[in-house]
Amino acid sequence: MADMTIGKVARALEGPAYVAVGFGVLGFQRAQVRRRELQRQMSRLAGTVSQKVGEVSEDVGERLPREARDLADAAGALAHDLPREAGEAVKEVLAIGRLVIRTAPGSGGPRDYRR
């Protein structure tokens with residue numbers, strides 16, 4: 001068998017080892033670039049969704065009876081003065097109320113709330 005020494009083996013494997021490390025670095029950099037692209041896309045999507053939700057919310061608010069708008073405004077002011085967690089809970093309740101009003105059956109005209 002040929003005279004094999006650790007030095008010769010190390011020199012023979014040095015080039016392929018550098019290539020493997022280089023491919024690993026390139027792969028990691030490519031993954032980072034893709035992650036940043038996805039973050040930008042998600043940010044744009046979140047902005048679009050937020051804008052649409054705002055538009056729908058304004059539309060719903062305009063269709064509410066005056067009393068319901070006054071109640072929503074008062075609840076919003078109350079939510080602003082509450083601790084963060086309680087304020088978030090009030091905002092969730094308001095969102096659910098708006099959804100219920102939006103999806104409730106009816107003519108869309110004034111409603112009789114005395115029933």
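Values quoted throughout were computed directly from the atomic coordinates according to the rules given, and no laboratory measurement underlies them. What you see is a predicted model; the values in this text were computed from it and never measured. With ideal geometry, Cβ positions are generated from the backbone for all residues, glycine too; neighbour counts draw on all protein chains shown.
Placing unit charges on the Cβ atoms only, positive for Lys and Arg and negative for Asp and Glu, gives the chain a dipole magnitude near 400 debye about its Cα centre. Going through (1) 1.52; (2) 0.97; (3) 1.03, the figure that equals Rg/Rh (Cα atoms, Kirkwood Rh) as computed for the structure here is (1). Counting other Cβ atoms within 10 Å as a rough exposure proxy, the listed residues Ile6, Ile96 run Ile6, Ile96 from fewest neighbours to most.
Grab the DSSP H runs of the chain that are 4 residues or longer, score each as -39,500 (n - 2.57), total them, divide by all residues and round the 222 nm result to the nearest 500 deg cm²/dmol. Intermediate results must be reported in sequence, preceding the final value.
Numbers: 3 runs with 94 residues, N = 115.
After summing the helix terms and dividing by the residues of the chain, the value is -29500 deg cm²/dmol.
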